[in-house]
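Take a look at the structure set out below.
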Amino acid sequence: MDTLDVLIVGAGFAGLRALHTFRGIGEKVLVIEASDGIGGVWYHNGYPGARCDVESYDYSYSFSPELEQEWRWSERYATQPEILRYIEHVADRFDLRKDILLNTRMASAVFDEAAERWTVTSQDGRQWSAKHLVLCLGQLSTTKAPAYPGQESFKGRIIHSGVWPKDKVDYTGKRVAIIGTGSSGMQMTPVIAREAAHLTVFQRTANYSIPAANAPVTDEEDKAVKANYAERRLQARNSPTGLGFKPNRVSALDAPPEEREKVYEAAWNRWGFGFALAYFDILLSKPANDTAADFIRRRIAAKIEKPDLREKLVPKDHAFAARRPSVDSGYFEAFNRDNVELADLREAPIVAFTANGIRTAAKDHSFDIVIFATGFDAFTGSLLKPDIVGRGGVTLKEKWAAGPVSQLGVGVHGFPNMHIVCGPGSPSLLSNVMVSIEEQIDWFSRLVRTMREKGLSTFEAEEEAERAWVAHVNERAKETLYLTADSYYNGAEVAGKPRVFMPYSGGVRGYRRILERSEAEGYPGFKLSPKTGSATRAPAA
Ligand code: NA7
């Protein structure tokens with residue numbers, strides 16, 4: 001069994017950053033990765049049209065000014081292949097690959113109480129002993145798909161957006177179905193519509209979407225960003241979502257209607273996600289939200305030529321951004337094509353798959369390819385798949401049976417030295433995850449260094465602190481409209497999943513301040529103990 005200081009699980013953006021950072025403080029580190037390639041979700045989500053809906057210059061690492069200067073993004077919103085090339089470049093540039101084991105899926109991690117170390121076992125029986133276990137498993141990495149009667153009898157091909165095949169899928173002359181209209185379904189629709197003979201989009205919930213306003217990055221733009229990159233990063237870190245948008249301090253309800261229309265117009269034309277910050281109360285007050293939702297509905301409706309489709313595609317049943325909206329490139333316009341059809345699942349649900357396609361309550365559709373763009377078991381899916389066993393043989397599944405609990409979203413009582421990156425209880429999917437990943441990993445690495453310098457063996461969340469943090473996460477969520485809609489933020493995406501609000505909605509700046517205060521005050525709410533087992537709180541670093 002190999003002995004390590006830090007075992008990192010997952011080689012996506014978080015895992016690579018963790019490897020570089022922990023290596024940088026002199027720890028012996030290894031990354032294990034289940035797939036045959038690095039990149040995490042950006043390795044797997046290779047569906048047509050896949051791109052990031054955070055701007056490229058912000059969805060990238062900030063730890064190396066040299067890397068920032070040398071990498072040239074080609075588009076405002078990078079495509080999946082370009083992001084993967086960036087990840088590969090980072091891995092080579094920082095010589096990361098030598099400490100990454102591919103094709104190595106963690107089956108279990110068991111905390112050995114006597115040794116105060118984690119024993120990690122892979123599915124094929126290899127083992128490692130590590131002082132620290134760093135979980136970089138992703139928030140949207142465990143796919144979910146419905147299982148329809150007759151699915152196995154379907155003679156065509158079934159593909160999930162989140163585990164896209166590596167071979168080229170040819171749509172020429174094919175009849176294609178897309179089930180699901182979240183970001184994945186909305187991104188792939190216009191691209192597949194151009195290539196396939198016929199495309200049917202199965203929609204359960206009409207989703208809001210802001211146009212991406214994507215464009216090539218000119219040399220002047222590239223130069224301008226790179227001349228002030230540090231400032232741009234600072235602005236991102238200090239903005240609520242890590243995207244760099246400054247929220248408008250004015251209430252949407254106080255702005256005169258003509259002026260508000262102009263503000264929304266500007267946001268619609270250029271801001272993408274930033275639309276939600278056009279006024280500070282869009283996500284806090286239903287009447288304020290209504291003004292934004294009304295504008296977006298009008299704009300969406302104006303893109304759709306057929307009145308019956310307009311009625312179905314315009315979102316109505318939830319507040320704007322209470323569920324994750326999309327940032328699209330021609331989604332609604334695709335329905336103006338003759339070869340694109342909408343199947344409304346609220347009107348006519350899927351009854352079964354047949355050998356030739358899909359039977360709904362209304363009719364039989366024939367397909368060659370069916371794409372599930374049905375999303376993920378978010379936040380907890382990947383954390384609860386392996387057997388993670390803490391003190392006293394308690395599993396993380398048992399501990400989180402009623403929903404995830406943690407102190408500050410980073411540590412769990414009963415699971416010493418287990419570091420969760422971008423997990424529930426942290427801003428995670430409510431933020432530009434690149435900002436969140438880097439903040440948390442830097443915090444973890446300083447904690448690990450402090451522990452080493454002070455001869456401490458374990459850090460562990462205290463139960464009472466966990467209760468207080470979960471209560472705080474809920475209090476912050478209650479201030480928003482997030483609780484008014486069913487979404488993957490609150491466990492509604494998987495039947496039977498505990499219905500609790502998982503991300504921290506207090507913003508990346510507020511969250512960073514909480515982490516920094518915790519560090520400055522000697523990690524209250526965590527017990528830091530020397531190997532002897534005698535509990536002592538570490539003095540402030
Ligand atoms: P999402 O955003 O979770 O979207 C999943 C979509 O699939 C959504 O439209 C769902 O409808 C639909 N869905 C899920 N299950 C079903 C069933 N059983 N039948 C019909 N339709 C279904 O996942 P994405 O992959 O699009 O995006 C994930 C994230 O990636 C995104 O949020 C960004 O962060 C990037 P529903 O709305 O639940 O009615």
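Once a ≥ b ≥ c are taken as the square roots of the eigenvalues of the Cα gyration tensor of the range 362-512, is the result rounded (a/c under 1.5), prolate (a/b larger than b/c) or oblate (a/b not larger than b/c)? It comes out prolate by the Cα gyration axes.
Each of PRO81, THR3, ALA34 was scored by the projection of its Cα onto the charge dipole of the range 1-123, and the greatest displacement toward the positive side belongs to PRO81; charges sit on the C-beta of Lys, Arg, Asp and Glu. The angle separating the long axis of helix 508-520 from the principal Cα axis of greatest extent in the chain is about 0 degrees. With a cut-off of 14 Å on the backbone N, the residues of the range 339-382 near the modelled label site 7 Å out from ALA495 along Cα-Cβ are 350-352.
Per the Kirkwood definition applied to all pairs of different Cα atoms, how many angstroms is the hydrodynamic radius of the range 151-372?
After inverting the pairwise mean of 1/r, the radius is 19.4 Å.
Relative protection proxy for 483-496, 210-223, from highest mean packing down: 483-496, 210-223 (other beta-carbon atoms within 10 angstrom).
Relative contact order for the chain: what percent, with Cα pairs under 8 Å and sequence separation of 6 or more?
Values: 1118 pairs, mean separation 100.6, N = 541.
Relative contact order for the chain comes out at 19 percent.
Compactness of the chain is given as radius of gyration and Dmax, 23.6, 73 Å, from Cα positions. For the chain, the longest principal axis of the alpha carbon atoms and the long axis of helix 433-453 meet at an angle near 10°.
What do you get for Rg/Rh over the range 91-160 if you use C-alpha atoms and the Kirkwood form of Rh?
Numbers: Rg = 18.4 Å, Rh = 16.0 Å.
Rg divided by Rh gives 1.15.
How many percent of all Cα-Cα pairs in the range 350-404 sit more than 15 Å apart?
Working: 955 of 1485 pairs.
Tail fraction, whole percent: 64.
For the range 389-430, report the % of Cα-Cα distances exceeding 11 Å. I get 64 percent for the Cα pairs in the range 389-430 exceeding 11 Å.
Which percent, to the nearest 5, of DSSP beta bridges fully inside the chain are antiparallel? Spell out each step's value before the answer.
Working: 28 of 68 bridges.
Counting DSSP beta bridges with both partners in the chain, the antiparallel share is about 40 percent.
Accessible area per residue for the chain in Å², computed with a 1.4 Å probe and the full protein assembly in place, what is it?
Values: 21460 Å² over 541 residues.
Normalised by residue count, the accessible surface of the chain is 40 Å².
Report the equivalent ellipsoid semi-axes for the range 424-541 in whole Å, largest first, defined as the square roots of five times the eigenvalues of the gyration tensor built from alpha carbon atoms. Present the calculation step by step, with values, prior to reporting the outcome.
Values: eigenvalues 182, 49, 31 Å².
Ellipsoid semi-axes (Å, largest first): 30, 16, 12.
Highest mean packing comes first when the peptides 48-56, 306-314 are listed by Cβ atoms within 10 Å, giving 48-56, 306-314.
Once the convex hull of all Cα atoms in the range 453-517 is built, its volume per residue stands at 135 Å³. Once you have a ≥ b ≥ c as the square roots of the Cα gyration tensor eigenvalues for the range 174-247, tell me rounded if a/c is under 1.5, and otherwise prolate or oblate according to whether a/b is larger than b/c. Oblate, because a/c is 1.5 or more while a/b does not exceed b/c. Shape analysis of the range 313-386 based on the Cα gyration tensor places the equivalent ellipsoid semi-axes at 25, 21, 14 Å, largest first. When the surface is traced with a 1.4 Å probe over the full set of protein chains, ASP92 keeps roughly 90 Å² accessible. Using the average count of surrounding beta-carbon atoms within 10 Å as a protection proxy, the listed peptides 347-358, 425-436 rank, highest first, as 425-436, 347-358. Angle of helix 13-24 to the longest C-alpha principal axis of the chain, folded into 0 to 90 degrees and rounded to 10: 20°.
If the limit is 21 Å between Cα atoms, which of LYS312/LYS478; LYS168/LYS363; LYS312/LYS363; LYS385/LYS531; LYS174/LYS363 go over it? Write out the running numbers ahead of the final one.
Numbers: LYS312/LYS478 30 Å; LYS168/LYS363 30 Å; LYS312/LYS363 18 Å; LYS385/LYS531 30 Å; LYS174/LYS363 19 Å.
From the list (LYS312/LYS478; LYS168/LYS363; LYS312/LYS363; LYS385/LYS531; LYS174/LYS363), the Cα-Cα distance tops 21 Å for LYS312/LYS478; LYS168/LYS363; LYS385/LYS531.
The values are calculated or read from the model by the stated rules, or taken from the named source; none is laboratory data. The structure displayed is predicted, hence computed values, not measured ones. Neighbour counts are summed over all protein chains in view; Cβ atoms, including those assigned to glycine, are modelled from backbone coordinates with ideal geometry. All accessible areas refer to the heavy atoms of the entire protein, side chains included, with ligands and DNA or RNA removed. Shrake-Rupley method; radii C 1.70, N 1.55, O 1.52, S 1.80 Å.
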